[in-house]
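Trainee: Here's a structure for you.
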Amino acid sequence: MKYYAAIDPGKNGYISAFDDEGGYYSSSIPLIGKIIDTHQLNEFLVKWKDAHFVIEDVHSIFGVSSKATFSFGFVCGIIEGLLVANNISFTRVQPKVWQKECWQGVPLQQKPSSTGKTMVTDTKAMSLIAAKRLFPEIDFRDNPRCKNPHDGKVDATLMAEYC
């Protein structure tokens, strides 16, 4: 069986996958406190050796602190290093590329910018609408006790679909 998987490396990272028979799998990136549990993540990835992964080709974002940018880059490096070390195939894709594909037919959602002077695309709302349209049967909450959808699960699911 072939698996198509994605890892959203964000603050609340998530891993989602589909198999070629329509099965869906998802899990949050394992943490110890606020730090990635690299050993548990490695054990998880070893079980997915037959998967092809998509990971976001990310870069620093203007206005984000250097500490946050470094932490994000560190997480991305851990993920890519584990994929390479386990000989798991992967493709880097820019967020704009998978979003363009997955957001087809979704009406533009906007929110005020951080300064409040202009409107910007609400990427989280766009992705949630797209995910619910494509996968109405999937509960995008992290667990049944949560009230809101998990942004990382939504993005990882859409990236796995893109894969």
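The values are calculated or read from the model by the stated rules, or taken from the named source; none is laboratory data. Predicted, not measured: the structure shown is a model, and the values here were computed from it. Neighbour counts are summed over all protein chains in view; Cβ atoms, including those assigned to glycine, are modelled from backbone coordinates with ideal geometry. With ligands, DNA and RNA removed, areas are computed over all heavy atoms of the protein, side chains included. Shrake-Rupley method; radii C 1.70, N 1.55, O 1.52, S 1.80 Å.
Trainee: Does CYS146 satisfy the condition of being open to solvent by less than 50 Å² (accessible area, probe 1.4 Å), of a type outside the set (Gly, Ala, Ser) and over 19 Å from ASN12 (Cβ atoms)? Talk me through it step by step, then tell me what you get.
Mentor: Working: open to solvent by less than 50 Å² (accessible area, probe 1.4 Å): yes; of a type outside the set (Gly, Ala, Ser): yes; over 19 Å from ASN12 (Cβ atoms): no.
The answer is no for CYS146.
Trainee: Still on this structure, I have one more. Does SER66 count as in contact (Cβ under 8 Å) with a residue 40 or more places away in the chain, of a type in the set (S, T, N, Q) and exposed (fewer than 12 other Cβ atoms within 10 Å of the Cβ)?
Mentor: Numbers: in contact (Cβ under 8 Å) with a residue 40 or more places away in the chain: no; of a type in the set (S, T, N, Q): yes; exposed (fewer than 12 other Cβ atoms within 10 Å of the Cβ): yes.
Considered against the rule, which asks whether it is in contact (Cβ under 8 Å) with a residue 40 or more places away in the chain, of a type in the set (S, T, N, Q) and exposed (fewer than 12 other Cβ atoms within 10 Å of the Cβ), SER66 comes out as no.
Trainee: Still on this structure, please answer the following. Being in a strand (DSSP E or B) and under 26 Å from LYS132 (Cβ atoms) is the filter here; which residues of region 76-106 pass it? Walk me through it before giving the result.
Mentor: Narrowing region 76-106 to residues in a strand (DSSP E or B): 90-93.
Result: THR91, VAL93.
Trainee: Can you name the residue in region 115-134 that is of a type outside the set (Val, Ile, Thr) and open to solvent by less than 60 Å² (accessible area, probe 1.4 Å) and, of all such residues, is farthest from the chain's Cα centre (by Cα)?
Mentor: Of all residues in region 115-134, those of a type outside the set (Val, Ile, Thr) come to 116-117, 119, 122, 124-128, 130-134.
Narrowing the set further to residues that are open to solvent by less than 60 Å² (accessible area, probe 1.4 Å) leaves 116, 122, 125-128, 130-131.
Values: GLY116: 27, ASP122: 16, ALA125: 15, MET126: 14, SER127: 11, LEU128: 12, ALA130: 14, ALA131: 12 Å.
That would be GLY116.
Trainee: Going through region 78-123 one residue at a time, which ones are among the acidic types (Asp, Glu) and within 22 Å of PRO30 (Cβ to Cβ)? Steps first, answer last, please.
Mentor: Of all residues in region 78-123, those among the acidic types (Asp, Glu) come to 80, 101, 122.
Listed by number, the list holds a single entry, GLU80.
Trainee: How about region 98-128: which of its residues are among the β-branched types (Val, Ile, Thr) and either over 13 Å from ASP155 (Cβ atoms) or in contact with a Leu (Cβ under 7 Å, 6 or more places away or on another chain) (or both)? Spell out how you get there, then give the answer.
Mentor: Taking region 98-128 as the starting set, the residues that turn out to be among the β-branched types (Val, Ile, Thr) are 106, 115, 118, 120-121, 123.
Listed by number, the residues that qualify are VAL106, THR115, THR118, VAL120, THR121.
Trainee: Would you call LEU45 crowded, with 16+ Cβ neighbours inside 10 Å, at pLDDT 90 or above and in contact with a Pro (Cβ under 7 Å, 6 or more places away or on another chain)? Before you say what the answer is, go through the steps one by one.
Mentor: Details: crowded, with 16+ Cβ neighbours inside 10 Å: yes; at pLDDT 90 or above: yes; in contact with a Pro (Cβ under 7 Å, 6 or more places away or on another chain): no.
Criteria not met by LEU45.
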